[in-house]
């Protein structure tokens, strides 16, 4: 697919792809998308130095975080989303073009044309060495790293929305979470492409509990966890 031929439109101050029917329908309420969980999480934040948006998409959470935190670090591996993200952010946001997981490598992602927020890693357990994976037709090869490898400090809030990669992201964030004890927003819903893997939510939850976190509250499909 030629990136130069892709068309983008602006809705409620956000740029997004013109094929993205799911988010286009939100119209002027796009900035309020999942706002309830953000406001709920803010109640628990103690350090407003930095926030991390993992699975930043087009930057709705990132944009809101940038108004609250001194610095925001946004991870978005899908290039079609990242083009929009780059247009939608403030100056205190740093974008990383990587997916996050439990190890470094590469994997394949599937892009969702009508709901870009549903783009996903095809097989969360298939993270291959950088020179050992071939890209397939209609799929996008992305680089995976661990959050710990970035050595980001003074973090007050982390949002994780990665379509089934949650447990892998959390495993690669162990040192960061244990050291800085940020509030964690974790999406907890069964991924449509893997409906039989209903234990994925529990596995991710148990990882956080093992890091001495506890459940604080649930807002729709998003759970808020805080360190004990």
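The numbers here are math on the coordinates, done by the rules we state, and not lab data. The structure presented is a predicted model; accordingly, all values stated were derived computationally and were not measured.
The table below gives the values:
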{"item": "Volume per residue of the C-alpha convex hull in the range 3-227, rounded to whole Å³", "result": "118 Å³"}
{"item": "Contour excess over end-to-end distance, with Cα ends at residue 5 and residue 35 and 0.36 nm allotted per residue", "result": "7.6 nm"}
{"item": "Relative contact order computed over the range 152-228 (Cα-Cα under 8 Å; 6+ residues apart), in percent", "result": "34 percent"}
{"item": "Rel. contact order, % - alpha carbon contacts under 8 angstrom, at least six apart, the range 3-227", "result": "18 percent"}
{"item": "Added length on full extension, which subtracts the Cα-Cα distance from 0.36 nm per residue, residue 188 to residue 202", "result": "4.2 nm"}
{"item": "Bridge type composition, the chain - antiparallel percent by DSSP, nearest 5", "result": "50 percent"}
